[in-house]
Amino acid sequence: MRRNGFDIQRWVSILLLLAAVALFFVELVAYSRDRTRLPDQLTIADIPVGGATPSEAMERLLQSYSTPIELSYDDASMQLLPSNVGFGLDTDVMLAAAERERTEKPFWEGFWDFLWKRPGDPASVPLQAEFSNSQLVSYLEDIAARYDQPPIPPEPIPGTTRFTSGEPGRVLDVARAQSIVGSALLSARDRTANLPVVDSGAPKPSLGNLEILLKQNIEVADFDGLVDLYLRDLRTGGTIHFAVLDGQEISTNPDIAFSAASIIKISIMTTFFRYEEQPLDPESERWVTEMITESGNDPSDWLMQRIDEVRGPLVVSETMQELGLDNTFIGGYYYPQAPLLQTYRTEANSRVDIDTGPDRYTQTTPSEIGTLLGDIYACANGGGGAMIAAFPEEITPQECDLMLELLSENVLGSLIKGGVPDGTRVAHKHGWRSSPLDMIGDAGIVFSPGGDYIISLFFWDDQEMVWEPTSRLIADLSRAAYNYFNPPSG
């Protein structure tokens, strides 16, 4: 009995041991098979791939990231295929990272967790993909070309000094759209993009349109003399410069020499501030004010004599030359029978195709006096420009600002000022040559809500001009320029 009992226990033990060994190998085989698949808690590029084979994981990735992007432009819908913008997944890199996650845990440690059915730690492999930004921009620009409603810029109204108001538009913001669509291309779940469409106000007309309007006004006025006009946008630096003689355009290279008349007093003021320390004494302050606001000749002489009793006018001319204004000079004092201290031969007064008979004592060109005003403006607004560069220790931004204040007190209500709304600040100096009235000029800076600008206008005729139609034409050209910088809205 004992013997038989012993045999039964032994065989039961053997059978249990064999069963355990068999179960161990069954679990080992199961784990070995499971280990060939990706970890249960793994995501690749936000796609769950736990328990999948590498080939199955790659298929899921390709399927998700090749789904078209749904685009919306206001009420219009369209689809973007990722392949249209060169989208591609770097599956090799991502699957290699996934493989490292699969084999990171030692075999027997993983087997032990498998036996106890312990879930692995969550792991993720980031997206590795790229697309062509240039192709995406081209695609978006094609959408814009089909769906945008571009604004219509103001246009000159023939026969007037005005521009149309233009019309606003609605356009795709391509830069923002590029970012939004790019994010959708790199997302596994959010495959939609609402394209940013923005209202766009009517743009300013171009300088070319302004030039057309200015020339139309000269043509309509039937002015048969010479008009030389220089204009510069002080915000953008854009420039218009042309000359028209009896309806025909002529070259402004080099520019045309005109009698500077009282406009040269801008140069005298600039030179005086160069050599005089601030604050000015009461007498000098009164002279400068009278010279600019009342166009006084005696104060001009006194100021030049204060600079240099004998060579005052020549010092003014030398200052202009140091600023690169070689066609702008004053060769003598204003008092009667004042001697001509120096004769100036310049590129402008050496032209043989046009001769305005400029005064031997004082000359300038529309572009040079406009450039001088621009130098003063730049100096006053931050201390830049040629003025500070040429005279860094002699002229200050505060002095330049004072010069603009003095020019703004010029009370003449016609010419440039006659073309702008009441209350508009205009820092300008005018001048003309009478008996006969064969030259009229005005040069200034207009401070307007739509931007500050320089306008320099010189008129000449070999026949005596009549003040009223000529000054009205100058005012019309000034008005056209103001309307360009301040177009109507709505």
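Dipole check for the chain: with +1 at the C-beta of Lys and Arg, -1 at the C-beta of Asp and Glu, and the Cα centre as origin, the magnitude is about 3500 Debye. Helix 297-307 and the long axis of the chain differ in direction by around 70°, with both axes built from C-alpha atoms. Figure note: Lys215, Lys265 ranked by solvent-accessible area, largest first, 1.4 Å probe, ligands and nucleic acids not counted: Lys215, Lys265.
Taking a ≥ b ≥ c as the square roots of the eigenvalues of the Cα gyration tensor, an a/c ratio of 1.5 or more together with a/b no larger than b/c marks segment 358-422 as oblate.
Rg/Rh, computed from the Cα trace of segment 413-490 with Rh as the Kirkwood radius, has the value 1.02. Taking amide H as placed 1.01 Å from N in the peptide plane, the amide H of Gly50 sits under 5 Å from that of Leu42, each at least 5 places away or on another chain. Rounded to the nearest 10 degrees, the inclination of helix 54-65 to the longest alpha-carbon principal axis of the chain is 30 degrees. Dipole magnitude for segment 260-380: computed about the Cα centre from +1 point charges on Lys and Arg Cβ and -1 point charges on Asp and Glu Cβ, it is near 260 debye. Relative intensity of segment 254-311 on a log10 scale, I(q)/I(0) at q = 0.12, 0.16, 0.31 Å⁻¹, equals -0.29, -0.49, -1.42, per a Debye sum over C-alpha point scatterers of equal strength in the absence of solvent.
Remark: segment 152-264 is approximated by an ellipsoid whose semi-axes, taken from the C-alpha gyration tensor as √(5λ), come to 48, 17, 10 Å, largest first. Each principal axis of segment 331-490 carries a Cα extent, and these read 52, 45, 30 Å when sorted largest first. Using just its DSSP H runs of length 4 or more, each adding -39500 (n - 2.57), the chain gives a mean residue ellipticity at 222 nm of -13500 deg cm²/dmol after division by all residues. Summarising the amide proton neighbourhood of Asn327: residues at separation of 5 or more, or on other chains, whose placed amide H is nearer than 5 Å comprise an empty set. Once you reduce segment 399-457 and segment 330-373 to the center of their Cα atoms, the two points are 20 Å from each other. Taking the empirical scaling 2.2 N^0.38 Å for compact globular proteins as reference, the chain has a Cα radius of gyration ratio of 1.79.
Once you order the gyration tensor axes a ≥ b ≥ c over the Cα atoms, which shape class does segment 247-362 get: rounded for a/c under 1.5, otherwise prolate or oblate by comparing a/b with b/c? It is prolate, given that a/c is not under 1.5 and a/b is the larger ratio.
Pairs of lysine residues in the chain that meet both criteria, 8 or more places apart or on different chains and Cα atoms under 20 Å apart, total 6.
Counting only alpha carbon atoms, the long axis of helix 467-485 and the longest principal axis of the chain meet at about 10°.
Eigen-decomposition of the gyration tensor built on the alpha-carbon atoms of segment 146-202 gives equivalent ellipsoid semi-axes of 38, 8, 7 angstrom, largest listed first.
Placing unit charges on the Cβ atoms of the charged side chains and taking the dipole of the chain about its Cα centre, the candidate lying farthest along the positive direction among Ile44, Ile69, Tyr453 is Ile44.
The values are calculated or read from the model by the stated rules, or taken from the named source; none is laboratory data. Given the structure is predicted, the values throughout are model-derived calculations rather than measurements. Neighbour counts run over all protein chains shown; Cβ positions are idealised from the backbone, glycine included. What goes into the accessible areas is simple: the full protein's heavy atoms, side chains included, and nothing from ligands, DNA or RNA. Shrake-Rupley method; radii C 1.70, N 1.55, O 1.52, S 1.80 Å.
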